[in-house]
Amino acid sequence: MPPDSPSLSRSVEDYLKAIYSLTERGEAASTSNIAQALDVQPASVSGMVKRLAESGWVEHLRYRGVTLTPAGTVQALRIVRRHRVLETYLSRRLGYSWEDVHAEAERLEHAASDELIDRMAAALEHPQHDPHGAPIPTAAGEIEVHQHRVLSEAEPGSQVRIRAVRDDDPERLRTLEARGLVPGVHLAVEGRSTPGGPLTVRLGGPEGEPQAVGPQLAGRIWISAAHEDDQ
């Protein structure tokens, strides 16, 4: 990241990261969605969004919600990099479980310097993905772009691979791990017995054990076609 990156308050960093995360997942960064992501009141979001827009970090367009400006995207990626490198370091070097690293990284990301994060990344040989499969931005602010779908959108009869999972709910992460629904696992998608009901999948391919994945859980799992490479 540029050496002259401005020092941002914790709240500004949280807002920029939340807006980036929402739009990265293909969701609208509306006032209500931002409020839900940060667990604050919508009225507070409106005031902060106005200040962020005045500072040049975001644009707020009617009917389109909040979007990051190019400058805002640079700062958001800087914060996302801190968070995901911290998660990876905590997991690989300190033995944290994958359901615990998110909350710990949330606490540490505002205090860690970019130099410390770069040294952690170097010690880990510059990992490309965090423990939950999310891409880690480079120090130059580049990030892997993907068009992955969520499992709930998978077509019956398809063969898919889990690429990443949402990391913001420890209980659901424990559920995913216990059921073997983790990044790298291949799934054979069989379909639903009822519209909008649980999706039946087989872990490891057509010969694997079937299990039903509810729509809420399936919406937290990003997938790609099984034949796509592992980049």
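Bear in mind that the values in this text are calculations on the coordinates, not laboratory data. Because the structure is predicted, anything quoted here is derived from the model rather than measured. In this analysis, Cβ positions are derived from the backbone assuming ideal geometry, glycine residues included, and neighbour counts consider all displayed protein chains.
Worth pointing out:
- Mean residue ellipticity (222 nm) of the chain, computed from DSSP H runs ≥ 4 via -39,500 (n - 2.57), nearest 500: -12000 deg cm²/dmol
- The stretch between Ser55 and Glu24, if pulled fully straight at 0.36 nm per residue, gains 9.0 nm over its current Cα-Cα span.
- With neighbour counts taken as other beta-carbon atoms within 10 Å, the residues His126, His148 rank, fewest first, as His126, His148.
- Distance from the range 114-153 to the range 17-96 (C-alpha centre basis), Å: 16 Å
- DSSP bridge orientation in the chain - percent antiparallel, rounded to nearest 5: 100 percent
- Qualifying trypsin sites (Lys or Arg not before Pro) for the range 141-231 [loop in DSSP, other Cβ within 10 Å: at most 16]: Arg179
- With an a/c value of 1.5 or above and a/b not larger than b/c for the gyration tensor axes a ≥ b ≥ c computed over the alpha-carbon atoms, the range 64-181 is described as oblate.
- The residues Glu109, Glu87, when put in order of fewest to most other Cβ atoms within 10 Å, stand as Glu109, Glu87.
- Net charge dipole size for the chain [Lys, Arg +1 and Asp, Glu -1 on Cβ; Debye, nearest 20]: 460 debye
- Proxy reagent accessibility, fewest Cβ within 10 Å first, across Glu144, Glu54, Glu59: Glu54, Glu144, Glu59
- Cα-based shape type of the range 144-231, given that a ≥ b ≥ c are square roots of the gyration tensor eigenvalues and the cut on a/c is 1.5: rounded
- Calculated P(r) of the chain - Cα pairs past 34 Å, %: 18 percent
- Amide H contacts under 5 Å for Glu190: Gly157, Thr200, Val201, Arg202, restricted to partners 5 or more places along the chain or on a different chain, H placed in the peptide plane at 1.01 Å from N.
- Under-5 Å amide H pairs with Ala164, H placed in peptide plane, nonlocal only: Trp222
- Gyration tensor verdict on the range 1-60 (Cα atoms; rounded if a/c is under 1.5, prolate if a/b is larger than b/c, oblate otherwise): prolate
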